Amino acid sequence: MTGAGTPIADQAAAGWVVGTNGFDPGRMGHRETVFTIGNGNLSLRGTLEEGHPQENPGSFMHRVWDDMDVHATELANLPRWWGLDLWLDDRRVRHEDATGGWRTLDLRTGLLSRAFDWPVAPGVDLLVRHERFISLVEPYGAMLRTTVELSAGVADLRLRVSASAHVENTGRLHWRVVGQSAGEDGLTLVTVTRATGVPLGVVVRPRLSAPAELTAGDADGQPALDYRLTLRAGEQVEIVRSVGIVPALDTELPLNAARDVADRLDALGWPAALAASGEAWSQVWADCDVEIDGDPEAQLSVRYNLFQLNAAAPRFTEDASIGAKTLSGYGYRHHVFWDTESFMLPVFTFTQPDVARNMLAYRCRRLAGARAKAAAAGRSGAQFPWESAGSGAEVTPPWIESVAAGGARMRVWSGDLEVHITADIALAIVQYWTVTGDDAFVREQGAEVVLDGARFWASLARPDADGTYHLRDVVGPDEYHEHVDDNAYTNLLAAWHLRTAEAVLAWLERTAPGQAARLATELAIGPAEREQWARVADHLAAPRVRDGVLEQFAGYFDLDDVDYAKLRSPSRQLSMQVLHGPEGVQRTRTVKQPDVLMLAFQLPNLFDGESLSANYHYYDPRTDHEQGSSLGPAVSSVIATRAGDPAAAYAHFLRAARADLDDVRGNASDGIHGASAGGLWQAVVLGFAGLRVTEDGWTVEPRLPDTWRRLRFAFRHRGVRQVVELLNDH
C-alpha cells in the first residue's frame with residue numbers, strides 16, 4: 001500500500017476512470033452525485049464512510065416508495081449500511097484532516113476507491129483506503145473494503161462498523177425500527193416504511209484481517225460493532241463488509257433473504273465477488289460502449305453517462321423505470337417523466353433491449369393510473385401522468401416554491417397541461433418495435449397502450465365550426481410558455497399517434513385477430529372510434545408557417561422577440577425565466593427548449609433539408625441553451641449536425657457532456673441529469689454517426705467532429721449485434 005498522493009493510472013484506464021484530488025467540502029454535494037454507484041436496483045451516492053456535516057447522503061432502491069408531502073411520494077433513503085468510523089489513539093480519523101488524498105470511479109467495474117494520508121505526528125501518517133462496489137450479480141448486495149496502515153510507530157486503532165435507521169430524505173423521515181442485532185456474525189436491522197408499510201432487512205457481515213477486541217453496541221436503530229487492536233508500522237489491517245439489503249416486495253422474509261445475500265458475498269470474498277461483478281459489467285460494456293479516438297473529454301464523458309444510466313436501469317424488474325435524476329439524488333423525488341422514454345430509453349432500445357422492455361413494461365403495468373387520470377378530466381382512454389412513481393397515478397406537485405418566482409409559491413401546470421407525454425410513450429414503443437422486431441411485446445402489452453392513448457387524443461381534441469380540431473390550453477416541451485393553443489410538437493405528435501394506432505390495430509387484425517377483437521371490445525374501439533381517429537389526425541390544426549419556419553404555437557410569432565444581449569451574455573448565470581419572471585418570459589419568443597426542433601428530432605420525416613435548416617436557424621438562437629432545460633443541448637446537437645452546423649453541434653454536445661462532471665448548471669448535487677446522459681449517447685450515435693433505423697433496415701450518414709479520428713459503437717437490430725466503425729477522413 002503506497003501513500004495516497006495521486007491514484008496510480010495505467011494506459012488501460014485512460015477513458016475509463018473519473019477521479020478527483022484533495023478534499024473540498026464546498027463541492028461535496030456535486031461529488032456525491034458524480035461518484036454514485038449502482039447495479040440497476042440498488043444505488044449509493046458518493047458519500048463518505050465516516051460521514052460529514054455537509055453531506056447529503058443517499059442510498060436508493062427501485063420500488064421502495066414512501067409517502068411525502070407536496071411531491072406525494074419518493075424513494076426512501078435506505079438505512080445507512082455503509083458506515084465505518086476510525087480512531088487512532090482516540091483521535092477521530094477524517095478525510096478533511098488529511099493531506100492530499102484522491103477518489104476514483106472505475107467505470108469498467110463500478111469500483112469506487114478513496115485514499116488519504118492522515119497525519120499522526122511529524123513524519124508519521126495513517127494510510128487509509130476505502131473501496132466499495134454494488135454487485136451487478138447480486139441485485140440486493142454490495143461490498144466495502146477498508147485498509148489501513150501506519151507508516152511508522154505503534155498506535156491503538158479503533159474501528160466501528162454500524163448500520164443506522166436514523167436517516168432522512170432531506171428532512172423527511174421514512175423508517176420505523178422493527179428489530180436489530182449486533183454480534184460476532186455481524187449486524188442486522190429491520191425497518192418498515194412509515195406510510196407504505198414496506199419492511200426492509202439489512203445485514204452487514206464484517207470480516208477483519210487481524211485479531212481484535214470486539215464490543216457490540218445496540219443503540220436504538222443503530223447496531224454497531226467496535227473493534228480495538230494495536231496497529232504497528234508496516235502491518236496492513238483490512239476489514240471487508242458484505243452487505244445484503246432486501247425489501248419485502250418479492251419475499252415475505254426480507255431479513256433471511258438479506259442474510260443469504262451477505263453470506264454469498266462473504267463466502268466468495270472480495271476478489272472473487274468483485275471479479276464476478278466486473279465480468280457482468282464487461283458484458284454491459286460489450287453491449288453499449290462507445291469508442292472515440294481523438295477527444296479524451298468526449299470519450300470519458302460518454303462512458304461516464306452510460307455508466308450512470310446503467311447503474312439506474314431496472315435490469316432486474318419490470319416494475320420500475322429510471323427517474324429524471326436516475327438513482328443518484330433527491331431531485332424530482334425519483335419520479336419518472338417523459339425524460340425516460342424520449343431521452344434515456346433509446347440507449348437501451350438500441351443496446352440492451354431486455355432492459356428497454358422492462359422500462360416499457362413499467363408503463364404498460366400502469367395503464368390503470370393513466371386511465372384514471374383521463375377519466376378524472378372527463379376524457380376517454382389513457383392519459384399518462386406527467387410524473388409517475390409506484391402506482392402510476394399523477395404525482396406532479398400542483399404548487400412549488402420557485403426560484404423563478406422569487407421564492408414564492410408557483411403553480412405547476414405540467415401535470416394538468418403537458419399532455420404530450422402520452423404520445424411520447426407511444427413513440428418509444430414503436431421505436432422499440434422497429435429496432436427490435438419484438439412483435440410479442442407489442443401484441444401482449446404495447447398495443448394496448450398505443451390504442452388507449454389514441455382514444456385519449458380523440459377525446460381531447462375539440463372541433464371548430466369549420467371542422468378543424470384543436471388542442472387548446474397545453475404546455476409543450478418549452479415550459480417557458482404555458483396555456484398555449486395548438487402547440488406544434490403536441491399537435492403533430494398527437495396526429496402521428498392517432499394514425500399509428502390505426503396501423504397497429506390493423507396489424508393486430510392481420511396477425512393476431514383474437515387479440516385485436518379482445519382489445520377492440522375492451523376498449524370500445526368500433527368503426528366510429530376509428531373514423532374519429534382519422535378525422536382528428538387529418539384535421540388537427542397545422543402550425544402557421546413563415547419563411548419555412550413552423551410556428552411553435554398559435555400566436556408565438558406575435559410575441560416580443562428575444563433579448564439577445566441578455567440571452568447570449570457569457571456572464572449570465574440565471575435562466576431567462578428567472579431574469580424575466582414567469583409571466584414576463586411568456587411574452588417573449590425565448591424558449592426553454594425548442595419544441596419544433598424536438599419535433600424534428602422525434603419525427604424527422606416531417607422535415608426535408610430546407611425546412612430543417614430554416615427551423616434550426618430560427619429556433620436555435622432563441623433557445624436558452626445555457627440555463628434552460630438540460631434536456632435541450634443533446635437534441636440541439638443532433639439537429640445542428642443534420643442542419644450542417646458542425647461547430648454548434650459540438651458546442652451543444654459539450655454542454656450536455658459537462659452537465660454533471662463539470663456541474664455547468666450548478667445543480668448536479670440534486671442528482672445526475674438522466675435525460676442529458678441519454679441524450680449524449682443519441683448525439684453521438686443518431687447525430688454525429690447519423691444512424692437511422694427504419695422498417696427497411698439501418699443506415700449511417702456520419703458527420704464526425706473534426707478532432708474525432710475514429711468512432712466505434714455497437715447496437716442490436718432485430719436481435720443481431722451490429723458494429724459500426726467510422727474513420728474521419730479530415
For V246, are the conditions met, namely being outside any loop (DSSP other than H, G, I, E, B), closer than 29 Å to E149 by Cα and of a type in the set (V, I, T)? no
Could you list all residues from segment 224-252 that are within 30 Å of the chain's Cα centre (by Cα) and open to solvent by 60 Å² or more (accessible area, probe 1.4 Å)? L249, D250, E252
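Taking only segment 643-669 into account, find how many residues are in contact (Cβ under 8 Å) with a residue 60 or more places away in the chain and crowded, with 23+ Cβ neighbours inside 10 Å.
So the count comes out to 4.
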Of all residues being open to solvent by 60 Å² or more (accessible area, probe 1.4 Å), in contact with a helix residue (DSSP H, G or I) (Cβ under 9 Å, 6 or more places away or on another chain) and not in a loop (DSSP other than H, G, I, E, B) in segment 551-579, which is nearest to R409 (Cα to Cα)? Just the residue, please. L579
Does V720 fit the bill of being more than 17 Å from L306 (Cα to Cα) and in contact with a Phe, Trp or Tyr (Cβ under 6 Å, 6 or more places away or on another chain)? no
Scope segment 283-314; condition polar (S, T, N, Q) and closer than 21 Å to N358 by Cβ; matching residues: Q283, N305, Q308, N310
E482 versus (1) surrounded by fewer than 23 Cβ atoms within 10 Å (Cβ to Cβ); (2) assigned to a helix (DSSP H, G or I): which is the lone unmet condition? (2)
Positions within segment 482-526 being in contact (Cβ under 8 Å) with a residue 40 or more places away in the chain and out of contact with any helix residue (DSSP H, G or I) (no Cβ under 9 Å at 6 or more places or on another chain), in sequence order: D485, D486, N491
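Residue by residue, here is whether (1) open to solvent by 20 Å² or more (accessible area, probe 1.4 Å); (2) within 26 Å of E401 (Cα to Cα); (3) modelled with pLDDT of 95 or more holds:
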residue: A12; (1), (2), (3): yes, no, no
residue: G40; (1), (2), (3): no, no, yes
residue: P57; (1), (2), (3): yes, yes, yes
residue: R80; (1), (2), (3): yes, no, yes
residue: D85; (1), (2), (3): no, no, yes
residue: D90; (1), (2), (3): yes, no, yes
With the requirement that a residue be open to solvent by less than 10 Å² (accessible area, probe 1.4 Å), part of a helix (DSSP H, G or I) and of a type in the set (S, T, N, Q), what does segment 605-636 give you? N615, S636
So in segment 267-320, with the set limited to residues that are open to solvent by 10 Å² or more (accessible area, probe 1.4 Å) and among the hydroxyl-bearing types (S, T, Y), which one is farthest from W681 (Cα to Cα)? T317
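Could you please let me know if G234 is on the phi > 0 side of the Ramachandran plot and touching a residue at least 40 places away in the same chain (Cβ under 8 Å)?
Judged against the criteria, G234 is a match.
For segment 706-724, enumerate the residues that are assigned to a strand (DSSP E or B) and farther than 19 Å from V284 by Cα. Don't jump to the end; show me each part of the working.
Here is the first cut: in segment 706-724, the residues assigned to a strand (DSSP E or B) are 710-717, 720-724.
Result: R710, single match.
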For the structure I just gave you, tell me whether R132 is open to solvent by less than 40 Å² (accessible area, probe 1.4 Å) and of a type in the set (D, E, K, R). yes
Using the structure shown, decide if P582 is under 22 Å from L427 (Cα atoms), in contact with a strand residue (DSSP E or B) (Cβ under 9 Å, 6 or more places away or on another chain) and in contact (Cβ under 8 Å) with a residue 24 or more places away in the chain. no
Is segment 264-281 home to any residue that is under 22 Å from R721 (Cβ atoms), in contact with a Ser or Thr (Cβ under 7 Å, 6 or more places away or on another chain), in a helix (DSSP H, G or I) and of a type in the set (D, E)? no
Please return the ranges of strands (runs of 3 or more DSSP E) entirely within segment 139-220 where 3 or more residues are open to solvent by less than 40 Å² (accessible area, probe 1.4 Å). 141-150, 154-162, 175-183, 186-193, 199-208
Within segment 253-263, track down each residue that is surrounded by fewer than 16 Cβ atoms within 10 Å (Cβ to Cβ) and either among the small types (G, A, S) or assigned to a helix (DSSP H, G or I) (or both). N256
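The values are calculated or read from the model by the stated rules, or taken from the named source; none is laboratory data. As the structure is a computational prediction, the values presented were derived from the model and not from experiment. Heads up, the Cβs are rebuilt from the backbone with ideal geometry, glycines too, and the neighbour counts pull from every protein chain shown. When the accessible area is computed, the model is the full protein with side chains, heavy atoms only, and any ligands, DNA or RNA have been set aside. Shrake-Rupley method; radii C 1.70, N 1.55, O 1.52, S 1.80 Å.
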